[in-house]
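S.K.: This is the structure I have questions about; it appears just below.
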Amino acid sequence: MSIRAFRPPRWFAAILAVALLLGSTTPALARIEKIGKAEGFVDIVAWPGYIERGETDKKFDWVTEFEKKSGCKVRVKTANTSDEMVALMNEGGFDLVTASGDASLRLIAGGRVQDVNIGLVPSYKTIDPRLQKALWHHVGGKHYGVPYQWGYNVLAYNTEVFKQSPPRSWEVVFKETTLPDGKSNKGRVQAFDGPIYIADAALYLMQAKPELGIKNPYELDDKQYKATRELLREQRKIVARYWHDAFVQIDDFTNEGVVASSSWGFQVNLLRSKGRPISSAVPKEGATGWADTTMLHVKAKHPNCAYLWMEHSISQKLQGDLSAWFGSVPVVPAACKGNALLGDKGCEQNGMNEFDRIWFWRTPVANCGGGRTCVPYYRWVTDYIAVLGGR
């Protein structure tokens, strides 16, 4: 498989909108204190595979019954990166977004989401205590959303190439090397199409080059950042595609000869269900990850339906079904038991016990504490665009 020419990612055109968002504010609407009559619709920006109505697999449907009971038709707009989500929320017209930690604080700072009245979300108390006041959505004593799912970015690999054991290091996707089948990895690996992937490179360098002194992959001084950027430029020479569409990556593992890549449990699960020789691992360096929060737009047109959905989103069955489908971990621990689709070992297999090893996505800022100045996110954006373009 040849290395494809660079094509501007979907988030490329949205960067100006994102930049405008970071410098803007929108007056917050007053929180509703009581759920009123359902408006008939709820519009949600979500990651692919996050809100299923049985169209891909009839067993996985947590929308149809909600629509019947609530009277709220669920309309979903999928987004493949956090920057897409921020741009869409900036445009408006949506009630909710399933935002990861590298988007949530931007949405809060930009005034695009409002604080949530958790008194109208009775099941909030069932959420994992580690997540109820997580730093990426609980700010200034206010809840800016309801946790949804969490997980990590796995290293997906072809078991027919790695027959004896899984790859032990992220090096397999960062540097040209000979794989166990005797062939080069050039043109056979992928990387994530999003600036936050810079943290994955920094995480690898934490062990590969300890002399750099990287302690946190989201807090990089100029020297550390330069080394990370150079690693990504080196990686560009071997990457076949920068993926952002989960289903395109599934096709690439199936038909295009990809044998190793950063991925999500979602792709791995679907590939396995189709009988493909795919598995996943967390290499010795650990992994970055995501903890997603359902956040309410500051100008939501359907707030009553939005609150009904937020309560439904943390119901025990939905949480277990979604975990089984996406390869993620429920934010409601009770969902890990008694779910026929997930099985009693499902949460453990999806990383329930890895919480403390995961570097959850967050937005890099210049003031990174301790008197240090770090490279802020806007530079991550412009420099990653340059890397993808071969510069």
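S.K.: Quick one: what pairs do we get from region 48-67, first residue among the small types (Gly, Ala, Ser), second open to solvent by 30 Å² or more (accessible area, probe 1.4 Å), C-beta under 6 Å, 6+ apart or different chains?
M.R.: Partner pairs satisfying both residue conditions: 54/61.
S.K.: Considering each residue of region 137-164, count those that are farther than 30 Å from residue 278 by Cβ, open to solvent by 10 Å² or more (accessible area, probe 1.4 Å) and either hydrophobic (A, V, I, L, M, F, W, C) or in contact (Cβ under 8 Å) with a residue 40 or more places away in the chain (or both), and give that number. Give the derivation first.
M.R.: Just the residues of region 137-164 that are farther than 30 Å from residue 278 by Cβ, to begin with: 137-146.
Narrowing further to those that are open to solvent by 10 Å² or more (accessible area, probe 1.4 Å): 138-144.
Cutting the leftovers down to either hydrophobic (A, V, I, L, M, F, W, C) or in contact (Cβ under 8 Å) with a residue 40 or more places away in the chain (or both) gives us 139, 144.
Number of matching residues: 2.
S.K.: Across region 220-255, which residue is most open to solvent (accessible area, probe 1.4 Å) among those that are within 30 Å of residue 50 (Cβ to Cβ) and among the acidic types (Asp, Glu)?
M.R.: Selected residue: 251.
S.K.: Out of all the residues in region 189-205, is one or more open to solvent by 30 Å² or more (accessible area, probe 1.4 Å) and either farther than 19 Å from residue 375 by Cβ or of a type outside the set (D, E, K, R) (or both)?
M.R.: To start, the set of residues in region 189-205 that are open to solvent by 30 Å² or more (accessible area, probe 1.4 Å) comprises none.
Scanning region 189-205 turns up no residue that is open to solvent by 30 Å² or more (accessible area, probe 1.4 Å) and either farther than 19 Å from residue 375 by Cβ or of a type outside the set (D, E, K, R) (or both).
S.K.: Further, regarding this structure: Name the residues in region 362-377 that are under 21 Å from the mean Cα position of the chain (by Cα) and more than 19 Å from residue 231 (Cα to Cα), would you?
M.R.: Initial filter on region 362-377 (under 21 Å from the mean Cα position of the chain (by Cα)): 362-365, 376-377.
The answer is 362, 363, 365.
S.K.: Further question on the same structure: List every residue pair whose Cβ atoms sit under 6 Å apart, with the two residues 6 or more apart in sequence or on different chains, where the first one lies in region 251-266 and is within 22 Å of residue 171 (Cβ to Cβ) and in contact (Cβ under 8 Å) with a residue 60 or more places away in the chain and the second, anywhere, is open to solvent by 10 Å² or more (accessible area, probe 1.4 Å) and assigned to a helix (DSSP H, G or I).
M.R.: 260/172
S.K.: Look at residue 370 and say whether it is farther than 23 Å from residue 123 by Cβ and in contact with a Phe, Trp or Tyr (Cβ under 6 Å, 6 or more places away or on another chain). Before the answer, list the steps.
M.R.: Values: farther than 23 Å from residue 123 by Cβ: yes; in contact with a Phe, Trp or Tyr (Cβ under 6 Å, 6 or more places away or on another chain): no.
Here the answer is no, as residue 370 does not meet what is asked.
So that you can scan it fast, the table gives a plain yes or no per residue for (1) open to solvent by 20 Å² or more (accessible area, probe 1.4 Å); (2) without any contact (Cβ under 8 Å) to a residue 60 or more places away in the chain; (3) of a type outside the set (Lys, Arg); (4) not in a helix (DSSP H, G or I):
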position	(1), (2), (3), (4)
166	yes, no, yes, yes
182	yes, yes, yes, yes
211	yes, yes, yes, no
218	no, no, yes, yes
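S.K.: Right, another one. Scan region 72-105 residue by residue and report those that are open to solvent by 10 Å² or more (accessible area, probe 1.4 Å), in contact with a Leu (Cβ under 7 Å, 6 or more places away or on another chain) and not polar (S, T, N, Q).
M.R.: Answer for region 72-105, where residues must be open to solvent by 10 Å² or more (accessible area, probe 1.4 Å), in contact with a Leu (Cβ under 7 Å, 6 or more places away or on another chain) and not polar (S, T, N, Q): 77, 94.
S.K.: Sort through 288, 293, 254 and tell me the only one that's among the β-branched types (Val, Ile, Thr) and in contact with a His (Cβ under 8 Å, 6 or more places away or on another chain). Can you show your working first?
M.R.: Values: 288 fails: in contact with a His (Cβ under 8 Å, 6 or more places away or on another chain); 254 fails: in contact with a His (Cβ under 8 Å, 6 or more places away or on another chain).
So the residue among 288, 293, 254 that is among the β-branched types (Val, Ile, Thr) and in contact with a His (Cβ under 8 Å, 6 or more places away or on another chain) is 293.
S.K.: Would you check if there is a residue in region 294-313 being closer than 24 Å to residue 262 by Cβ, of a type in the set (S, T, N, Q) and under 17 Å from the mean Cα position of the chain (by Cα)? Show your work before the answer.
M.R.: Filtering region 294-313 for residues closer than 24 Å to residue 262 by Cβ gives none.
No, there is no match, as no residue in region 294-313 is closer than 24 Å to residue 262 by Cβ, of a type in the set (S, T, N, Q) and under 17 Å from the mean Cα position of the chain (by Cα).
S.K.: In region 364-391, how many residues are part of a loop (DSSP other than H, G, I, E, B), over 22 Å from residue 213 (Cβ atoms) and either modelled with pLDDT of 90 or more or of a type in the set (A, V, I, L, M, F, W, C) (or both)? Spell out how you get there, then give the answer.
M.R.: The first filter runs over region 364-391 and keeps only residues part of a loop (DSSP other than H, G, I, E, B), leaving 364-366, 368-372, 374-376, 389-391.
Next, only the ones that are over 22 Å from residue 213 (Cβ atoms) stay: 389-391.
Those still in the list that are either modelled with pLDDT of 90 or more or of a type in the set (A, V, I, L, M, F, W, C) (or both) too: 389.
Going through region 364-391 one residue at a time, the tally reaches 1.
S.K.: Right, another one. When you go through (1) out of contact with any Pro (no Cβ under 7 Å at 6 or more places or on another chain); (2) within 21 Å of residue 357 (Cα to Cα); (3) among the hydroxyl-bearing types (Ser, Thr, Tyr) one by one for residue 184, which number turns out not to apply?
M.R.: In the conditions (1) out of contact with any Pro (no Cβ under 7 Å at 6 or more places or on another chain); (2) within 21 Å of residue 357 (Cα to Cα); (3) among the hydroxyl-bearing types (Ser, Thr, Tyr), residue 184 misses (2) alone.
S.K.: A follow-up question, please. Quick one: residue 205 ticks every box in (1) farther than 15 Å from residue 260 by Cβ; (2) modelled with pLDDT under 95 except a single one, so which number is it?
M.R.: Checking residue 205 against (1) farther than 15 Å from residue 260 by Cβ; (2) modelled with pLDDT under 95, the one that fails is (2).
S.K.: Could you say which residue among 374, 305 is over 30 Å from residue 200 (Cβ atoms), in contact (Cβ under 8 Å) with a residue 60 or more places away in the chain and touching a Cys at 6+ places or on another chain (Cβ under 6 Å)? Steps first, please.
M.R.: Values: 374 fails: over 30 Å from residue 200 (Cβ atoms).
Only one candidate passes the filter, namely 305.
The values are calculated or read from the model by the stated rules, or taken from the named source; none is laboratory data. Note that the structure is predicted; figures quoted are calculated from it, not measured. Counting neighbours? That spans all protein chains shown, and the Cβs are built from the backbone with ideal geometry, glycine included. Only protein heavy atoms, including side chains, enter the accessible area calculation; ligands, DNA and RNA are left aside. Shrake-Rupley method; radii C 1.70, N 1.55, O 1.52, S 1.80 Å.
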